[in-house]
Structure formats: C-alpha cells, structure tokens
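Please read the structure below before turning to the comments.
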Amino acid sequence: MTTLRRTAVAAVLALVLPLPIAGAATAAGGPPAATAAASPQALVPTELPRPTGPFTVGLNTLHLVDTHRQDPWVPAAGPRQLMVSMYYPARPGTGGPAPYMTTAGALAWMQHDNIPNAAGLAPALSATRTWAYTDARPAPGRFPLVLLSPGLTMPRATLTSVAVDLASRGYVVALVDHTYEAPGITFPDGRTLGCVICEQPPAGGPAAVARSRAKDLSFVIDQLTDRHPAWQDARLIDQQRIGLAGHSIGGAATAATMAADRRVRAGADLDGTFRPPVPATGLDGRPFLLIGAQADESPGQDPSWSKGWTRLDGWKRWLTFAGAEHGSFTDVPLLASQAGLPEPPEPLAPTRGLQLTRDYLGAFFDFQLKGIPQPLLDGPSPANPEVTFQHP
C-alpha cells in the first residue's frame with residue numbers, strides 16, 4: 001500500500017475511503033459518508049476494544065521542542081515541535097478517564113474533510129472510551145519502550161487501540177504526532193494545527209516525509225532517555241529495549257529510523273510502502289515484521305516489500321490479512337462500523353482487524369524485546385485463518 005496517502009475524515013465516521021496524494025494510487029471508493037441528519041452518538045463508538053494485558057494503562061501528554069532543528073514543512077514556525085502521548089503500565093484505581101483526542105482536534109480533523117455537523121460530532125468522538133487513565137500513578141518496574149508513528153493525515157489517536165494494548169502488556173508506548181502531517185494536532189497553548197503537506201506535498205515525496213519522521217522519532221528517543229528526560233516517569237523505561245512500529249508512511253519511517261538509529265532494536269511496518277527503500281546493507285541483523293492487507297501486500301503487489309524482504313538481514317516475518325483494508329490496522333474502521341453503515345465487499349471485521357494487529361504486534365515485541373517465545377509467530381494458526389505467512 002502506498003505510504004503517502006490521504007485518508008479522509010469521512011472514512012473515520014463512515015468508511016475507509018483513501019484518496020491519492022503526491023502520486024499515490026487511488027483506492028476503490030466505498031459507500032457515501034454520513035449525513036448531517038445522523039446524530040453524533042450514532043456516529044462514534046462508545047468505547048475501543050478492551051486491552052488484553054494484565055496492567056491498567058496510564059496516559060501523560062508531552063510537548064517536545066527540538067531547538068536544534070527547524071520545522072521542515074513550515075520553517076517560519078521555528079523549531080520542530082511534537083505532541084506525544086505516553087502510555088504506560090499504571091496502578092489500578094488512579095487517574096481519570098483519558099479522552100480519545102481533544103475536542104478541538106476532533107473538530108479540526110473532521111472539518112478538514114468537510115464532514116457535516118462536525119461541531120456536533122467532535123465532543124462525542126473525543127469522549128470515546130480508551131481504557132487509559134490520565135495521570136495515573138505508574139506501576140513499579142522497568143519496561144521496554146515502543147514508539148508508534150501513524151499514517152499520513154491520521155492523528156496519533158488513530159493508533160490508540162494498539163498503544164493501549166501494548167501498554168497493558170507491559171510496555172511504555174510513545175505515540176507520536178508529526179506536526180503539519182495530519183489535521184487536528186492540539187498544543188498546550190490552545191493551537192490546533194492543520195495538515196500542511198496534505199495540500200502542499202513536499203519535494204522528495206514520501207521518502208522525504210519518512211526521513212523527516214525518522215528525525216522526529218530519534219529526537220523523541222533522545223528526550224525520553226536523556227540524563228534529564230522530558231518525561232517525569234522516564235525511570236520506567238528500559239533503555240536497552242526499544243522498538244518501533246508505524247502504519248502506512250509511519251511504517252516507512254520505521255525502517256528509515258532503524259537505518260539511522262541503532263538504538264531501535266526491533267521494528268514493524270503496518271501496510272506501508274518502503275520509501276525510501278530498505279538499505280542494501282540491511283538493518284544490521286535487527287528483526288523486522290511486515291503486516292499488510294493481502295490484496296495490496298501479497299508478494300508481487302508492492303515491489304518495495306519484495307525488494308525490502310531480500311534486504312532485511314535479521315529475524316523477519318511477512319504476514320498478510322485477508323479482507324483487510326489500509327485502515328484495518330488502526331481504529332478507523334471501528335469508528336466507521338459503529339455508525340452502522342455498509343462496508344466494502346468481504347472486509348475484515350473492524351474488531352477482528354484490531355485483534356489480529358494487536359495479537360501479532362504484541363507477540364513480535366514480546367519475543368524480540370522481552371525474549372518470550374511466541375508460537376504465534378512460527379507459522380499459520382487454525383485460529384487465525386485470515387493470516388497468511390508469506391515466504392517469497
């Protein structure tokens with residue numbers, strides 16, 4: 001699946017309707033978006049799927065400023081600034097329910113694609129239950145760190161289910177918004193910024209975006225592992241066990257980050273074309289997981305995966321999910337299905353797509369960062385007939 005792809009907010013509240021940007025291929029269209037007559041409550045889920053791990057999940061939000069780097073997309077904005085959601089194992093009974101995203105962010109996200117009644121929908125979307133608790137007291141212990149990078153035009157909130165599930169399994173998760181690469185990113189001073197590169201694709205295309213994200217992600221690692229870290233609970237992080245995963249162009253950024261930053265021990269790409277390509281020299285033997293929609297990422301469908309597979313020089317798996325759409329690895333189809341609207345032909349059910357994504361991604365990091373054997377990764381499972389292990 002092409003990495004530089006615009007997913008309309010209509011897809012979030014109706015169906016996944018990816019549109020091309022900067023030369024990306026056009027996906028098949030789906031049913032029409034929701035109409036203004038629909039009620040806000042009917043168009044958003046009441047809650048995300050429950051996390052599967054034993055830990056309660058806490059949430060802190062960080063505002064990070066890279067004083068050594070000018071913003072690549074809006075130089076006049078000054079230093080690169082990022083918003084990061086930190087999910088972590090927490091003590092039960094502490095903190096308050098965490099919103100899905102800010103109401104201002106939800107409003108800007110929907111207005112970006114001219115969704116009717118966006119002002120009425122935004123509070124309901126913001127109030128979606130996430131199973132995380134703001135400012136909950138951390139659980140004792142030290143945990144691996146996993147960074148997550150969302151797809152283009154998709155705020156970090158769209159990977160909330162994945163982030164919360166990993167944290168419940170015993171990870172610190174840094175879910176990163178890449179400024180000016182999605183609408184609806186809200187900063188502490190009240191600014192909610194739009195997606196500049198959605199309307200003005202950068203010179204260099206997807207590869208330039210992925211390389212810029214690699215700098216963002218390495219900077220976040222710097223800030224979390226510094227002698228004087230930006231996060232008050234950074235003591236929870238085991239700095240020797242760092243992983244990274246991304247959806248769409250975030251998957252491309254995962255490989256680009258690993259090529260430049262050896263601190264990342266394991267990476268996963270969720271349905272993202274490798275732009276730039278995986279280096280010819282590989283990734284220094286570090287493990288890498290490929291998970292994609294079967295229709296788009298089966299061998300022969302995406303040349304960058306076929307070439308990348310031969311260059312990945314460590315432990316590796318290439319999995320495809322039958323019936324998956326580009327958004328099946330995110331919260332997007334779940335938000336759509338809760339509207340009760342028709343779905344594309346033979347789709348992977350939204351809850352099933354999230355279940356498979358969380359199961360296989362969690363197994364990958366449990367194996368690679370915790371050393372826990374994972375039979376799920378050894379080959380096909382009768383319990384998961386949608387999953388094909390590709391061996392080109």
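Determine ³J(HN,Hα), in whole Hz, for all residues of region 155-161 in sequence, where each value follows from phi through the Karplus function 6.51 cos²θ - 1.76 cosθ + 1.60 and θ = phi - 60°; x replaces Gly and Pro.
x, 4, 4, 5, 10, 4, 4
If I stretch the segment between Lys316 and Thr281 completely, what's the gain in nm (0.36 nm per residue apart, minus their alpha carbon distance), one decimal?
This chain segment gains 11.1 nm when fully extended.
Tell me what the chain gives for mean residue ellipticity at 222 nm when only DSSP H runs of n ≥ 4 count, each as -39,500 (n - 2.57), the sum divided by the residue total, rounded to 500 deg cm²/dmol.
Mean residue ellipticity at 222 nm (helix-derived): -8000 deg cm²/dmol.
Report ³J(HN,Hα) in whole Hz for each residue of region 369-380, in order, from the Karplus equation J = 6.51 cos²θ - 1.76 cosθ + 1.60 where θ = phi - 60°; Gly and Pro get x.
Per-residue couplings from phi come out as 9, 10, x, 8, x, 10, x, 4, 8, 7, x, x Hz.
Would you mind working out the magnitude of the charge dipole of region 5-389 relative to its Cα centre, with +1 at each Lys and Arg C-beta and -1 at each Asp and Glu C-beta, to the nearest 20 Debye?
For this selection, approximately 880 debye.
Of the listed peptides 123-135, 268-280, what is their order by residue-averaged count of other C-beta atoms within 10 Å, with the highest listed first?
Ranking the peptides 123-135, 268-280 by packing returns 268-280, 123-135.
At a 10 angstrom cut-off on C-beta neighbours, averaged per residue, how do the peptides 245-254, 186-195, 309-318 rank from highest to lowest?
245-254, 309-318, 186-195
Excluding Trp73 itself, calculate the net charge of residues whose Cβ lies under 14 Å from the Cβ of Trp73, where each Lys or Arg counts +1 and each Asp or Glu counts -1.
-1
With a ≥ b ≥ c the root eigenvalues of the C-alpha gyration tensor of region 75-227, is it rounded (a/c under 1.5), prolate (a/b larger than b/c) or oblate?
Taking the square roots of the gyration eigenvalues as a ≥ b ≥ c, region 75-227 is oblate.
Once amide H atoms are placed 1.01 Å from N in the peptide plane, what residues at a sequence separation of 5 or more from Ala90, or on another chain, have their amide H within under 5 Å of its amide H?
Placed amide hydrogens put Thr56, Val57, Gly58, Ala139 under 5 Å from Ala90.
Taking a ≥ b ≥ c as the square roots of the eigenvalues of the Cα gyration tensor of region 156-307, is the shape rounded (a/c under 1.5), prolate (a/b larger than b/c) or oblate?
oblate
Remind me, what semi-axes does region 165-226 give for its equivalent ellipsoid, largest first in whole Å, using sqrt of 5 times each Cα gyration tensor eigenvalue?
24, 17, 12
Strictly greater than 17 Å: what percent of every Cα pair in region 79-131 meets that?
Tail of P(r) above 17 Å: 51 percent of Cα pairs.
Rounded to a whole number, what is D in µm²/s for region 206-269 from Stokes-Einstein with the Kirkwood radius over alpha-carbon pairs (4 °C, 1.567 mPa s)?
Approximately 108 µm²/s, per Stokes-Einstein.
Non-local amide H neighbours of Arg69 (under 5 Å, H modeled in plane, Pro and chain starts lacking H): which ones?
Amide H neighbours of Arg69, under 5 Å, 5+ apart: Arg80.
From the residues Asn114, Thr186, His228, which one has its Cα farthest along the dipole of the chain in the positive direction, the dipole being from +1 and -1 charges on Cβ of Lys/Arg and Asp/Glu about the Cα centre?
His228
At 0.36 nm per residue, and after removing the present C-alpha to C-alpha distance, how many nm does the segment from Asp189 to Gln70 gain when stretched out fully?
Extra length from Asp189 to Gln70 when fully extended: 40.9 nm.
Can you list the HN-Hα couplings for region 295-304, worked out from phi with the Karplus curve (6.51, -1.76, 1.60; θ = phi - 60°), rounded to whole Hz and with x for Gly and Pro?
After applying 6.51 cos²θ - 1.76 cosθ + 1.60, I find 5, 10, 10, 6, x, x, 7, 10, x, 5 Hz.
Take the chain, compute every pairwise Cα distance, and split them into 10 Å bins from 0; I just need the percent in each bin.
5, 26, 37, 26, 6, 0
Taken together, the values in this text are just the output of simple stated rules run on the coordinates, not laboratory data. Everything numeric here is computed off the predicted structure, so don't read it as measured data. As a convention, Cβ positions derive from the backbone with ideal geometry for all residues, glycine included, and neighbour counts pool all protein chains shown.
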